[in-house]
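What follows is a set of notes on a single structure, which appears directly below.
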Amino acid sequence: MKKRIITSVVITVIFALIIVTSSFIVLLNINNINDAKEVLSIYNICFSKGDYTNEDLSIYKFKGNSVRFTVVNKDGDVIFDNETSILDNHKDREEIIEAFSNGTGTSVRFSKTLSVDMVYYATKINEDIVVRSSVPVNNIKIVTLGALKYYIAIVIAVFLLSLALAVKLVKIIVYPIKELEKVTAKIANGNLNKRAIIGNYDEIGLLAQTFNNMADQLETKINDSLDKQNKLEAILESMESGVIALDNNEKIILSNPYSKKIFDLQGDVIGKKISSCVIDYDFINFIRELPDINTKEIKLFHPVEREIRVKKAPIISGSKNQIGIVIAIQDITDIKRLENMRSEFVANVSHELKTPLTSIKGFSETLRYVDDSETKNKFLNIIDKEAERLTNLINDILILSNIENLHKMESGNFRPKEVIENIIDIVRKQAEKKQIKIEFINEFNNEIIGSEDKFHQLALNLIENAIKYSNENGDVKIIITSENEYFVFKVIDDGIGIPENDIPRIFERFYRVDKSRSTRGTGLGLAIVKHIVKLFNGDITVQSKLGIGSTFTVKIKINKKFNNKI
């Protein structure tokens, strides 16, 4: 811009100089020609009063140049010419015609006789004679050498002055614009606090003021936009649902981390087609279905098997045109699993309650028709056992329900050693019936924090199960110790063991490994154990081999504050 302004100013000045110079030269030329005509008119009068044939005509000069005199009669014949003797008839010469008509005549034209441009002035002496004087035009020096140097000096001075003026003008105009350019570049690079300095309140100053106002509004809008974007990103980051936005070409324009987790999307997926990122026919087909199908439950098989609920909605632009769709994905795998567990729980409870109730009802109805006291007693024993079984089942269900609804148990200090010794005394008769040897190895004499009653229930279930599922003349080993700030409780038996495929499910409600064990309990003992361990914020694991035995290990974190050695 700076070069263009300087170039434009210089060109304008040069053009103006050319116009002015040309006009000056033309005016000067006209003035000199008029001076020549005036002088020649005087020369004609003087010449007419003398004897032109014998007179010395060298005295007649104009600006150092000799003057040509020509005498022409009424017929156009040349009577006298001081420079040439061979002349054509001058009757058609315009200055001659004008002189005979008006008394004087002038012209500036090309002379055929001398082959140069001439200035002519003709004066009528009488009705028959016209005197004409002339000088060559090129001998009239329009610009003299002395005046030329001043003229050139003036031209150079004007050029330099115009150049300096152009540079000054450029600085005045371009400097504020350069400042605006610098400020604009800084704002474009993210420095929204920069503003243009307003020097003068001219057009450029007003432009700078308008720019500053625009920058203030831009900063406000960008900050609002960034604030909204940060809020949106925070919401999307923390959502436990997947969100994917697509344009009309099915290209991803937004996705949150949870959606990437669900579909195992790697790297930056923005701009990629959804069909190249998600390998699931039902999901892709749902995206392409008609708008009236907005919600659907889909079972995914990649990257892992899971149930999802997807919902889509159109993205509408300001012109009310649809520019894409947004898809919300909810993982309902756990919800479905819980629904199935609830259904199974209801079915299992119904089945478990129905079996003893059916026996009680059947034998009680049969007793009406039995007269034999021995048979009656036998049926009554069966009814008593089924009633006891039903009572135990209901108690276990109530215990499990109570534990599941208990978010915080009563906390106290107790010694696991004393609790386990009491339990061994309780189950000793049961073990002696099967001739099972119980070995208790105590390597932990400290206290732990929690509910002593809940720990008693946990240990009783594990030890009773070890005795119940051990063969006769078997061994049950109970070990308590500490490992890396954890209290460890192990129950080891050499009983029938658990098949490997059933181990992950043994802590489920009413889950039975095989028919041979189905009548020996309610099927809720290990589920109760699992929930009690969770209340202690601990962990339980099992190792078992079919026909060899099982080992149940419970680990509970030790709180050192209450860990006092005896």
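Filter the stretch 87-105 for residues that are in contact (Cβ under 8 Å) with a residue 24 or more places away in the chain and β-branched (Val, Ile, Thr); which is nearest to residue 118 (Cα to Cα)?
Looking at the filtered set, the residue picked out is 96.
State all residues of the stretch 354-380 that are over 23 Å from residue 394 (Cα atoms) and of a type outside the set (S, T, N, Q); if no residue qualifies, say none.
365, 367, 368, 369, 370, 371, 372, 374, 376, 378
The rows are residues; the columns are (1) in the same structural domain as residue 313 (by TED's automatic domain parsing); (2) buried (at least 16 other Cβ atoms within 10 Å of the Cβ); (3) of a type outside the set (A, V, I, L, M).
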| residue | (1), (2), (3) |
| --- | --- |
| 226 | no, no, no |
| 233 | no, no, yes |
| 244 | yes, yes, no |
| 249 | yes, no, yes |
| 252 | yes, yes, no |
| 256 | yes, yes, yes |
| 263 | yes, yes, yes |
| 266 | yes, no, yes |
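So which pairs qualify, if the first residue must be in the stretch 271-293 and assigned by TED's automatic domain parsing to the domain that holds residue 308 and among the basic types (Lys, Arg), the second must be assigned to a loop (DSSP other than H, G, I, E, B) and at pLDDT 85 or above, the Cβ gap must be under 6 Å, and the two must be at least 6 apart or on different chains?
273/250
Mind telling me which of the residues 389, 415 ends up being at pLDDT below 85 and among the basic types (Lys, Arg)?
Answer to the selection: 389.
For every residue, the table says whether it meets (1) touching a helix residue (DSSP H, G or I) at 6+ places or on another chain (Cβ under 7 Å); (2) closer than 29 Å to residue 154 by Cβ.
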| residue | (1), (2) |
| --- | --- |
| 24 | no, yes |
| 29 | no, yes |
| 41 | no, no |
| 56 | no, no |
| 60 | yes, no |
| 67 | yes, no |
| 80 | no, no |
| 93 | no, no |
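Name every residue in the stretch 241-259 that is touching a strand residue (DSSP E or B) at 6+ places or on another chain (Cβ under 8 Å) and of a type outside the set (A, V, I, L, M), in order of residue number.
241, 242, 247, 248, 249, 250, 251, 255, 256, 258, 259
Here is a list: 70, 84, 7. Which entry is over 26 Å from residue 96 (Cα atoms), of a type outside the set (Phe, Trp, Tyr) and either free of Cβ contacts under 8 Å to residues at least 40 places away in the same chain or surrounded by 14 or more Cβ atoms within 10 Å (Cβ to Cβ) (or both)?
Every option except 7 fails the conditions.
Matching residues to (1) at pLDDT 80 or above; (2) under 55 Å from the mean Cα position of the chain (by Cα):
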| site | (1), (2) |
| --- | --- |
| 497 | yes, no |
| 500 | yes, yes |
| 505 | no, yes |
| 514 | no, no |
| 521 | no, no |
| 527 | yes, yes |
| 530 | yes, yes |
| 535 | yes, yes |
| 545 | yes, no |
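The values are calculated or read from the model by the stated rules, or taken from the named source; none is laboratory data. Computed from a predicted structure; not experimentally measured. Counting neighbours? That spans all protein chains shown, and the Cβs are built from the backbone with ideal geometry, glycine included.
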